[in-house]
């Protein structure tokens, strides 16, 4: 009987797949149960094929913290095909972020971040290289230097006054404020004025801000969502859960907007009679001036595509983490009215009743600073930081972190470590009043922005924004929980993603502050 060629090829392909899967399974089982892993840090026993995936649960930062109580502050897990090492103490965080920083500086790339080739252009994800060093240099020396931020702080002050005016209108109407949305809109305006001298929200009324918040939220959720393609890299060919396809849609949406803004600015500069070198009104001008510079033309390190990806990272991270930190801060203060009262007394004494809080006032407000530090401690914006990758076999505390392993720093676990913090699960800003601990990557008990060469470059702006917004809101208004919610029923659950959000958004009622 003649065999159909198509049927024969199909049969052979089927047999090949069965053999290939069987070989992979045997190799995986052998690697799990053989002595080759004897130098790995201890950890839970993995199941065949899936490894320890079931141990992650819906809140990996909490699940991994619990596992560290059993297996120790450095442990290894098998997440599908990926060997993952998790550290959960300040001493070990220092080993990864400082002592061996040069060996853990590159990333394991989530498949979702391969959308639009973002892993080839996005500064948080590209490997340490001349291009990465150039972007860091631009950020440190031009975009986020003290001089650059001081130059446009009045614009940010103006945007905060607009936030307060909106809250005042809401208070007069006796309505509640959705703190997360208000914080996002204000962060959006603060960043857009800092980068573009443009008020994005006013470009297309409030609908644009809501749409952008949804897009950014989708990006953060997709970035942190468990993805089979990350645990079984062979599946990246088909993107089985469609996460990369979804991320491509959201990335293109934001980059199309950035591309339009850049195009308009370039056209405006062409029509301008003043030399481009004199146009340093905002960060976009700084980037475009550098792109046109002789130094860049010789090295070709910065172009329009790179700028679009840089803006995508800065806006997505800046709006999401700032608004979530503001929301968590307000939640903790409403849950702890004594701390709220202390902060308001300090603001009244230092700023004066009816006066505007300014960025230059932050250094004179130690209790406000302590509140922000305590919020970062309890609710770090990125609870597992961004994943790192071992470049070679690295010995850490007598164990070997193998080449290619993914390394996670559980800053959520570190910041609730009872060996470091008294009453670690309680909100106590006073713990920082007599402490020199800061969030700038020098104290590994508190590293919400990471550390080492991969520390978040936007830290200086984020610190200014969150202090300015929170200080202004509690200096200008008294606050109470919406009807039907009291201190006992206030929901404090979090929702895991690339960033840590409140599971139930905070809604609070503002009242004129008359104390």
Query - All positions within region 81-94 that are in contact with a helix residue (DSSP H, G or I) (Cβ under 9 Å, 6 or more places away or on another chain), surrounded by fewer than 22 Cβ atoms within 10 Å (Cβ to Cβ) and not in a strand (DSSP E or B) - result: 81, 90
Report task. With the condition kept exactly as written, say whether any residue in region 197-216 is within 19 Å of the chain's Cα centre (by Cα), outside any helix (DSSP H, G or I) and modelled with pLDDT under 85. Result -> no
**Report entry** Pairs with Cβ under 9 Å, 6+ apart, first in region 246-264 and free of Cβ contacts under 8 Å to residues at least 60 places away in the same chain, second in a helix (DSSP H, G or I) and loosely packed, with under 13 Cβ neighbours inside 10 Å
**Finding:** 253/211
**Report entry** Candidates 356, 369 - the one that is out of contact with any strand residue (DSSP E or B) (no Cβ under 6 Å at 6 or more places or on another chain), closer than 26 Å to residue 150 by Cα, in a loop (DSSP other than H, G, I, E, B) and in contact (Cβ under 8 Å) with a residue 60 or more places away in the chain
**Finding:** 356
Requested in this report: Give me a count of the residues in region 103-130 that are in contact with a helix residue (DSSP H, G or I) (Cβ under 8 Å, 6 or more places away or on another chain) and farther than 14 Å from residue 408 by Cα.
Outcome: 16
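Against the definition (within 19 Å of residue 450 (Cα to Cα) and in contact (Cβ under 8 Å) with a residue 40 or more places away in the chain), how does residue 331 come out, yes or no? Show your work before the answer.
Numbers: within 19 Å of residue 450 (Cα to Cα): no; in contact (Cβ under 8 Å) with a residue 40 or more places away in the chain: yes.
Answer is no for this residue.
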Report summary line: For residue 77, the lone unmet condition from (1) touching a strand residue (DSSP E or B) at 6+ places or on another chain (Cβ under 9 Å); (2) farther than 30 Å from residue 186 by Cβ; (3) in contact (Cβ under 8 Å) with a residue 60 or more places away in the chain is (3)
Report task. Tell me which of these residue 151 doesn't satisfy, since it passes every other one: (1) out of contact with any helix residue (DSSP H, G or I) (no Cβ under 9 Å at 6 or more places or on another chain); (2) modelled with pLDDT of 90 or more. Result -> (2)
Query - Hits in region 426-478 - residues which are over 30 Å from residue 104 (Cα atoms) and assigned to a loop (DSSP other than H, G, I, E, B) - result: 426, 427, 428, 433, 434
Requested in this report: Could you tell me whether any residue of region 480-499 is under 28 Å from residue 311 (Cβ atoms) and touching a strand residue (DSSP E or B) at 6+ places or on another chain (Cβ under 6 Å)?
Outcome: yes
Query raised in the report: Which of (1) within 30 Å of residue 501 (Cβ to Cβ); (2) touching a helix residue (DSSP H, G or I) at 6+ places or on another chain (Cβ under 9 Å); (3) surrounded by 16 or more Cβ atoms within 10 Å (Cβ to Cβ) is the odd one out, the single condition residue 366 does not satisfy?
Result: (3)
Query raised in the report: In region 38-71, what residues are touching a residue at least 24 places away in the same chain (Cβ under 8 Å), loosely packed, with under 14 Cβ neighbours inside 10 Å and either in a helix (DSSP H, G or I) or in contact with a helix residue (DSSP H, G or I) (Cβ under 8 Å, 6 or more places away or on another chain) (or both)?
Result: 42, 70
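The values are calculated or read from the model by the stated rules, or taken from the named source; none is laboratory data. Keep in mind that what you see is a predicted model, and the values were worked out from it rather than measured. Cβ sites come from the backbone with ideal geometry, for glycine too, and all protein chains shown count toward neighbours.
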